[in-house]
Amino acid sequence: LCLYWPFKAVAEIWKASQPDTANTGENWKTLPTPLIIPIWWILFIGAGILSRIINSYSVPHSLPEIKMYLLELIVIELLLSIATILIIYIVSWLKGYMTQ
């Protein structure tokens, strides 16, 4: 449930906040989830999974192992950075709509 409910909550908040459907009862529930939300969630969960995998490795000792370890860390940081940018966009869009 911890993997699903945050995604579901953000998707429902986004759909319920749409200007055309905000005051039409339950119609917002039938709206499709925008692509930005699953992309954000997949990047966030993927970075977490990769981080757990990397942390389970033994300490790298050779230069090729260290290079691979650093490359994996860079990939994780990139995924988290993109996920962070996406959630900032989502929240700012919602905030902008709510203040209008």
Output the residues belonging to region 22-55 that are open to solvent by 100 Å² or more (accessible area, probe 1.4 Å) and under 16 Å from residue 7 (Cα atoms). 29, 32, 35, 42
Could you tell me how many of the residues in region 23-79 are among the hydrophobic types (A, V, I, L, M, F, W, C) and assigned to a loop (DSSP other than H, G, I, E, B)? 3
Are there any pairs with C-beta distances below 9 angstrom linking a residue in region 72-90 that is over 29 Å from residue 17 (Cα atoms) to a residue that is open to solvent by 60 Å² or more (accessible area, probe 1.4 Å) and not in a helix (DSSP H, G or I), with the two at least 6 apart or on different chains, and if so which? 72/57
When residues of region 79-100 are filtered for being open to solvent by less than 100 Å² (accessible area, probe 1.4 Å) and of a type outside the set (Phe, Trp, Tyr), how many remain? 13
Can you find even one residue in region 56-75 that is open to solvent by less than 90 Å² (accessible area, probe 1.4 Å), under 24 Å from residue 1 (Cα atoms) and at pLDDT 90 or above? no
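The values are calculated or read from the model by the stated rules, or taken from the named source; none is laboratory data. Worth saying up front: this structure is predicted, and the values here are computed from it rather than measured. All Cβ positions, glycine included, derive from the backbone under ideal geometry; neighbour counts span all protein chains shown. All accessible areas refer to the heavy atoms of the entire protein, side chains included, with ligands and DNA or RNA removed. Shrake-Rupley method; radii C 1.70, N 1.55, O 1.52, S 1.80 Å.
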